[in-house]
Amino acid sequence: MPDFIQSWAPLLAILVSALGAVAIVATGEKRRNLRETWTIIAAVAKFGLVLSMLPSVLAGNYPEVKLMQLSPGIELALRVDPAGILFALSASFLWILTSFYAFGYMRGTNEKKQTRFFAMLAVCLSATIGICFSANLLTFVLFYEILSVATYPLVIHAGSEKAYRIGRQYLVYAITAGIALVAGIALVAVAQGAGSAEGLAAGALDFTGGGFLSPDLSMGMLWTIFICFFIGFGVKAGVMPLHSWLPNAMIAPTPVSALLHAVAVVKAGVFGFVRLVGYTFGPDLTGAMGAAAMLAAFAGVTILLASAIAMTKDDLKARLAYSTVGHLSYIVLGVALLAPHAILGAAFHMVTHAAMKITLFFCAGAIYVHTHKKKVSQLDGIGRQMPLTLFAFGVGAVGLAGVPLVGGFVSKWYLAQGAIDAGSVVFLVFLLLSGLLNAAYLLPIVVRAFFRSSPEHTRFDEASPLMVVPIVVTMLLAILLGVWPDGIFRFFTLSEMIVESVTGTAITALGGS
Amino acid sequence: MSQIPVLIPTVLLLAALISLLAGLVNRRAGYATALIGVVLTLGLSLTGLVHIWMGGEPIRYALGNWLPPIGIEFVFDALAAYMVAIIMFVGTLVFIYAPRSLALEAPGKEGLAWPAMVLVLAGLTGMCLTGDLFNLYVFLEIAALAAYALLAIGGGAGAVATFRYLLIGAVGGGFYLIGVAFLYFSAGTLNMAEMAMLLPELSQSRAVQAAGVFMVAGLAIKMALFPFHFWLPDVYTHAPSAVAGLIAPVMTKVSAYAIIRLFLDVFPPGFFTEGIPLLAALGWVSAVGILYGSILAIGQQDYRRMLAYSSVGQLGYIGLGVAMANPLGMIGALLHVLNHAFMKGLLFLVGGVVRLRTGRTRIPDFQGVGRKMPWTMGAFTIGALAMVGIPPTAGFFSKWYLLLGAADAQAWTWFAVIIASSLLSAIYFFRMLEMVWRNPETDAAAQEMAPVPEGQTPVSMIGPVAILAVAVMVAGIMNVAIVSALLDRVVAPMAGG
């Protein structure tokens, strides 16, 4: 059993970017270099704080802080466990890169309202890290709702009628998801005894490896709770048919698409499923009541449909968005399969997909800023002008398709093994088929860029280094995850620890590294 | 300390009188004396609140030393302390806010407005403090009569709307009085505590049952519960902002308080649920009202009218929480009394600031206001998010307790109504937020509006707005402290029964 150690670090890690947001607003557009400095300070400090907790988490001592009661018997409590720190490390590390990238992007396109943009991005990161470190359901939903609202100004950033319309759609989805989640949590609280004379026992809603919900509840109640959570998390995780806000939200500036709509916000939904299946219902109950099968079915269909739709999209960001929808469901599927290796693959895919997809979005943004090209069909020969960018795009593309030596291969390997362990040949086929589809909708872009020629793109002319350097770093990260999965921040070990806490089975897939 | 229960309404009544006289001599003196009375009373009620908060015993005061069955008793217990603190806190802030608002919206009539506002406060606090059923009626009418005068002060359409309010208010008050009379003939007392001891034996009596129905129905009418809400939108729309900011947050809530008091401390447990299903009726009426108010709020073009319909819905939350007949639902209802008082007060006061600075009251005209008045509209944003129920604002937690209460009562339709209403309020408040923060300089979608005149919002107006915005956050974060220090004691009779 892990020990819990009292620590303020989780709270500081959350607050530092909220304070950064205040400093950003106070500084304003007139002193933009100082404003940008605040972003960098907040991002680096946040990542540093998260990283500082890694050794103790690996040693089995989970930092924890209880602040106050949110509702009788339910504390505002933060706890850093392997699942939380895995997500927090990837999100906070990528925020640093995204910040530099965003400076280049926002200046390159002369965006308006940059102060609001950077401030809300910082708030979103605060909420995301809060989601990572929430110790119980009510704390979780608190940050989840803040994240929903804080993302809204970024979605409507363009200020056009279309942007506002999409913003409204985004809100309808996000607010519905939020209230469904609150309703589900209220049902859990009452099931745990909130209405009894004694009230809730301390920690009655705490995430517990292997789940805490009593299997004695009626089937109807269990399913009602599960459906509420499914809506609550499914919207953010883009599980079909709850996904349609996500491709539309690509109207936001590309740094937002890259960090929030490929990593932070959407992964918050996926992370919710991890917390739901692994730490609330528990794999046994989820499997016994049949909810795992339902979840797997939704995720499996989403994987195939999203990949198929991605192929039809000529708009580069839309294609990447549907690719995200598909890959998010890889993770949901891995969780729903309940087999240890599937969960391992799912957890690791949270990281590898983040690295690969953010690379692709960064590339799309760099191409747009530099050449104003948005469509796949316009990219003939662009590899000669922007070879670094397009090479990175190629690495991300083969990684998503599951080619070895890039991170995507490793996670997909374990997902496939998990599907076999679970006896689900159907889902194994789905995974392999989707790998082919991934290759089919991403690789032609690379081929087009390098092997066709165009009079427009003849000489070397890359985007600003502020954008190219983050692209190269995320690309290297994706490769590193493939050749040495445990090399960076012990992501693989963390994934193994998640499996152990959820299923009780220790697996040492890399020979106990 | 022992005189706090009676001092609070007395000081206010005296202040009203002095303010009226002083106002005849000098308009500023009229305001100053009224303000002194209000601030003094706020101090008294906070002193009492601290006493109760620290676990102190309820303070009882027999008027003129005539002991209860004969004399009138004033009781300062946890529920009264809670209500009076809310009324006086919001009342004081509105009082500070009012002069500039009234100078614009009801010029020349401030001299009458101050004593009337103090009288409203006297009536409302008196209702919460009295331990006597008939005396409650007296204070109810004091508050109502003063409120009619205040609401009509804007003249024109406001006066007509107020006349409708007067008619329906008289019916509500009359119903309540009939109920009191029935009880008096049956039990021979008007004192609440004494009545509570006598009623268990009489609860099968037709007269007592009729009394319960009349009293709750009368108070529900006073509370503007659907379908008795129809006067409310017109009245709130045409009243001066400061008056709406006083009446909307607290006035209807005190009628809700009276229902809660009857339910918890006067009638025997089970009376409203077993013999006559009065609570179930209250719950269903509230549920319909919630949906009705929220849906109509979506259609409104006038900011104040939207808030008024939103109030119709929000009052339903309180009725619904009471109707759940369990401690969680009751806590939700009581918390919502506080939360809604802060949120709605805040939103009405913001409306007044915008009207003062720009003359705008229509929602489409709010376009771009956020850019010019970032602090006011920042406060508005907090209020709007609270109304939608986004954590950690107060609104989230009343919704949370109500959902817990509905789940505990297994009232699934009501559970669904709360969810649906959250979504509906999200629609009309996010529509506002979108308008407010549209920026004509950078957004293609924003239409060019007449420029907002340069100027400063007076501190006397932005101050109360800011305090209420902070209060909305603090009330949310501190909800457990409020529940454990006060509300758990209020709902103790339910937990025991």
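The values are calculated or read from the model by the stated rules, or taken from the named source; none is laboratory data. Note that this is a predicted model, so its numbers are computed, not measured. Glycine also receives a Cβ, built like all others from the backbone with ideal geometry; neighbour counts cover every protein chain displayed. Quick note on the areas: whole protein, heavy atoms, side chains included, nothing else; ligands and nucleic acids left out. Shrake-Rupley method; radii C 1.70, N 1.55, O 1.52, S 1.80 Å.
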Computed E for B:D302/B:L104 - FRET, C-beta separation, R0 22 angstrom, nearest 0.05: 0.80
Distance from the stretch B:96-166 to the stretch A:420-464 (C-alpha centre basis), Å: 71
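Can you tell me the order of B:321-332, A:434-445 when each peptide is scored by its average per-residue count of other Cβ atoms within 10 angstrom, highest first? Walk me through the intermediate numbers first.
Details: B:321-332: 26.7, A:434-445: 19.8.
Descending packing order for the listed peptides: B:321-332, A:434-445.
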Dmax and Rg, reported as Rg then Dmax, of the stretch A:8-70 (C-alpha, Å): 14.7, 47
Net charge, B:V472 excluded, C-beta distance under 14 Å - Lys, Arg +1, Asp, Glu -1: +2
Alpha-carbon spread of the protein assembly as shown, three principal axes, descending order, Å: 97, 64, 43
Simple label model, 7 Å out from Cα along Cβ direction - A:M221 to A:V22, nm: 4.3
Protein-only accessible surface order, largest first, of A:D421, A:D315, B:D132 at 1.4 Å: A:D421, A:D315, B:D132
Neighbourhood charge, 12 Å Cβ-Cβ cut-off, centred on A:K374 and excluding it, Lys, Arg +1 and Asp, Glu -1: +3
Ranked by how many other beta carbons lie within 10 Å on average, peptides B:271-281, A:451-461, B:391-401 from highest: B:391-401, B:271-281, A:451-461
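When the convex hull of the Cα atoms of chain A is projected onto a plane and the area is averaged over all directions, what value comes out in nm²? Could you put the intermediate results ahead of the total?
Details: hull surface 87.1 nm².
In nm², the orientation-averaged hull projection of chain A is 21.8.
Summing +1 for each Lys or Arg and -1 for each Asp or Glu, what net charge is found among the other residues whose Cβ lies under 12 Å from the Cβ of A:H349? Before the final figure, lay out the partial values.
Numbers: positive: A:K267, A:K357, A:K412; negative: none.
Summing Lys and Arg as +1 and Asp and Glu as -1 gives +3.
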Residues with amide H under 5 Å from that of A:M53, placed H, sequence gap 5 or more: none
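Just tell me how shielded B:394-407 is by partners: mean number of partner chain Cβ atoms within 10 Å of each residue's Cβ, no decimals.
Numbers: counts 0, 0, 6, 2, 0, 4, 10, 4, 1, 9, 10, 4, 4, 11.
Taking the mean over all residues of the peptide, I get 5.
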Paramagnetic reach from A:A197 (point 7 Å along Cα→Cβ, amide N under 19 Å) across the stretch B:376-419: B:408-409
For A:G381, distant residues with modelled amide H under 5 Å away: A:A449, A:F450, A:F451, A:R452
Ranked by how many other beta carbons lie within 10 Å on average, peptides A:70-83, B:194-207 from highest: A:70-83, B:194-207
Virtual paramagnetic centre 7 Å along Cα→Cβ of B:V138, amide N under 17 Å, in the stretch B:178-216: B:178, B:180-181, B:184, B:189-193
Per-residue [θ]222 nm for the protein assembly as shown (sum of -39500 (n - 2.57) over DSSP H runs n ≥ 4, rounded to 500): -24000 deg cm²/dmol
P(r) of the stretch B:321-456 over all Cα-Cα pairs, binned every 5 Å from zero, in whole percent: 2, 10, 18, 19, 15, 11, 9, 7, 5, 3, 1
Solvent-accessible area buried by pairing A with B, both sides, nearest 100 square angstrom, 1.4 angstrom probe: 2900
Which listed pairs, of A:K267/A:K412; A:K112/A:K374; A:K373/B:K372; A:K30/A:K357; A:K46/B:K344; A:K112/A:K373, have C-alpha distances above 28 Å, in listed order: A:K373/B:K372; A:K30/A:K357; A:K46/B:K344
Under the Karplus curve 6.51 cos²θ - 1.76 cosθ + 1.60, θ = phi - 60°, whole-Hz ³J(HN,Hα) for the stretch A:249-255, x wherever Gly or Pro sits: 5, 5, 5, 5, x, 4, x
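What average number of partner chain Cβ atoms lie no more than 10 Å from the Cβ of the residues making up A:177-183?
Details: counts 0, 8, 11, 2, 0, 9, 10.
The per-residue average across the peptide is 6.
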Karplus (6.51, -1.76, 1.60) ³J(HN,Hα), θ = phi - 60°, over the stretch A:161-173, in Hz, Gly and Pro reported as x: 4, 5, 4, 5, 5, 5, x, 5, 4, 4, 5, 4, 5
Cα centroid of the stretch A:9-31 to Cα centroid of the stretch A:78-130, whole Å: 11
Solvent-free Debye scattering, log10 I(q)/I(0), computed from the Cα coordinates of chain B at q = 0.09, 0.11, 0.13 Å⁻¹: -0.57, -0.86, -1.22
Label-point separation in nm, B:R362 to A:E29, each point 7 Å along Cα→Cβ: 2.9
Computed E for B:R28/B:A420 - FRET, C-beta separation, R0 51 angstrom, nearest 0.05: 0.55
Amide hydrogen neighbours beyond the local backbone of A:K375, cut-off 5 Å, H modeled: A:L316
Karplus-derived HN-Hα couplings along the stretch B:251-263 (A = 6.51, B = -1.76, C = 1.60, θ = phi - 60°), whole Hz, x at Gly and Pro: 4, 5, 5, 6, 5, 4, 4, 4, 4, 4, 5, 4, 5
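Taking beta carbons within 10 Å but only from partner chains, what does the mean come to for residues B:479-489?
Values: counts 4, 9, 2, 0, 3, 2, 0, 0, 0, 2, 0.
Per residue, the average neighbour count from other chains is 2.
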Gap separating the Cα centres of the stretch B:320-344 and the stretch A:317-393, nearest whole Å: 48
For the stretch A:225-315, convex hull volume per residue from C-alpha positions, Å³: 84
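With a Förster radius of 41 Å, plug the Cβ-Cβ distance of A:T208 and A:V172 into 1/(1 + (r/R0)^6) and report the FRET value to the nearest 0.05. Mind dumping the intermediate values first?
Numbers: r = 33 Å, r/R0 = 0.81.
Taking R0 as 41 Å, the efficiency between A:T208 and A:V172 is 0.80.
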Long-range Cα-Cα pairs in the stretch A:119-260 (distance over 27 Å), rounded percent: 28
B:I36, B:I86, B:I70, ranked by accessible area, largest first (probe 1.4 Å): B:I70, B:I36, B:I86
